[in-house]
Amino acid sequence: MAKIRVLIVDDSAVVRNILSAALSSDPEIEVVGTAADPYIAREKIVELKPDVITLDVEMPRMDGITFLRKLMAAKPMPVVMVSALTQAGAATTLAAMEAGAVEIVAKPAIDQRVGVREIETEVVDKVKAASKANMSVYMAKLKSAAMFKPVVKTHTAMLKTTDKLIAIGASTGGTEALKEVLVRLPSDTPGVVIVQHMPEGFTKAFSERLNTLCAMQVAEAKDGDTVIPGKVLIAPGNSHMALKRSGAKYYVDVKPGPLVMRHRPSVEVLFQSVAKFGGANAVGVMLTGMGNDGSTGMLEMKKAGSFNIAQDEASCVVFGMPKEAIKMGGVDKVVSLEQIPKAILDAV
């Protein structure tokens, strides 16, 4: 197999070296070049023809977002954004996702080596996922999502608990897929719990952005939050989220822990807990993403009586996680992304 050709674009020589070393450690990846700013990057894209670009958000001469928009207009290709863990950085990086980037990686700390192994795992996995992205599907989804307008909420989420709940897992391409699903769910939809593979520091900005577009209330989950109708809880980056039940009340347990199926948060952790505590009261949804995170958990959900939905290959940016869930036998219905909101509402 041909190696995945990667161009690293970052104004920091130290970060370029860290990313280059991390990516070069994998035999399936070849770092074909580096660039200190978008102008150099433009020349090297033409010369080196990379399969994937890692792109810093903040750079001299031209910021990453402007360069990304120009790139996607001229030659759409998989881009992994590398961003600092700051509130401003998170908001800017979400804008990059809306402009065409398919993945996010937290910028590695240059003053310490703590956790560097996990950073290496993350950047390798996300570059591999990006390399498999169906860019024609992704760009079409971005254009349709651009039409979503902010909504004025008429009321807050209901205070009562619910016997029904919806559990969703997503990875590469999932930020836009989740947006398409959630904006079409009415304000009285049963409580939703979501794991989207995203680094620490970005899920709060992502939740806040969705909250402006959706009829439901959307928030980054906190330990002990109750799952109630009209409320969407998104697992915070770098923490696992599991469903728990106390009497008639569902709530979430948010805590750190080791990587599960190479991820934290992990869809598998959420889905296994939904199988245990939600059972036949739950609807599971597997959206676009690379790998098999959540496939075993979705099968356990089905065994426990859950009704499970998977996104079809034609509408996926990466048909990995849905494919594995289908292969495991844990899926009841396979539909396009546009049909998933109706399938969820029919099921509940």
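The values are calculated or read from the model by the stated rules, or taken from the named source; none is laboratory data. Here the structure is a predicted model, which is why all the values come from computation and not from measurement. Cβ sites come from the backbone with ideal geometry, for glycine too, and all protein chains shown count toward neighbours.
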Of all residues in segment 59-109 being of a type in the set (S, T, N, Q) and under 19 Å from the mean Cα position of the chain (by Cα), which is surrounded by the most Cβ atoms within 10 Å (Cβ to Cβ)?
Thr93
Looking at the structure I just gave you, is Leu210 among the hydrophobic types (A, V, I, L, M, F, W, C), part of a loop (DSSP other than H, G, I, E, B) and modelled with pLDDT of 95 or more?
no
Quick check on segment 227-238. Is at least one of its residues outside any loop (DSSP other than H, G, I, E, B) and out of contact with any helix residue (DSSP H, G or I) (no Cβ under 9 Å at 6 or more places or on another chain)?
yes
Just one listed residue, out of Val82, Val57, Val105, Val31, is at pLDDT 90 or above, in contact with a strand residue (DSSP E or B) (Cβ under 6 Å, 6 or more places away or on another chain) and not charged (D, E, K, R), and it is Val31
Could you list all residues from segment 192-203 that are over 12 Å from the mean Cα position of the chain (by Cα) and at pLDDT 95 or above?
Val192, Val193
Would you kindly identify the helices (runs of 4 or more DSSP H) lying entirely within segment 32-112 that contain at least 1 residues that are of a type in the set (S, T, N, Q) and in contact (Cβ under 8 Å) with a residue 40 or more places away in the chain?
87-99
Give the residue that is nearest to Gly291 (Cα to Cα), with candidates limited to residues of segment 304-334 that are surrounded by fewer than 19 Cβ atoms within 10 Å (Cβ to Cβ) and touching a Lys or Arg at 6+ places or on another chain (Cβ under 8 Å).
Glu313
Quick one: what pairs do we get from segment 329-344, first residue part of a loop (DSSP other than H, G, I, E, B), second modelled with pLDDT of 95 or more and basic (Lys, Arg), C-beta under 8 Å, 6+ apart or different chains?
Gly329/Lys302; Gly330/Lys302; Val331/Lys302; Asp332/Lys302
Can you tell me which residue is surrounded by the most Cβ atoms within 10 Å (Cβ to Cβ) among those in segment 233-251 that are out of contact with any Ser or Thr (no Cβ under 8 Å at 6 or more places or on another chain) and under 24 Å from Ala90 (Cα atoms)?
Met241
Among the residues of segment 263-279, is any in a strand (DSSP E or B), more than 20 Å from Ala106 (Cβ to Cβ) and among the acidic types (Asp, Glu)?
no
Among the residues that make up segment 146-153, is at least one of them surrounded by fewer than 23 Cβ atoms within 10 Å (Cβ to Cβ), in contact with a Lys or Arg (Cβ under 8 Å, 6 or more places away or on another chain), at pLDDT below 70 and among the hydrophobic types (A, V, I, L, M, F, W, C)?
no
Selection within segment 1-37 - of a type in the set (Asp, Glu) and surrounded by fewer than 21 Cβ atoms within 10 Å (Cβ to Cβ):
Asp11, Asp26, Glu28, Glu30, Asp37
Among Val274, Val267, which is crowded, with 19+ Cβ neighbours inside 10 Å, under 19 Å from the mean Cα position of the chain (by Cα) and within 24 Å of Gly291 (Cα to Cα)?
Val267
In segment 163-181, which residue that is of a type in the set (Gly, Ala, Ser), outside any loop (DSSP other than H, G, I, E, B) and in contact with a helix residue (DSSP H, G or I) (Cβ under 7 Å, 6 or more places away or on another chain) is farthest from Glu103 (Cα to Cα)?
Ala167
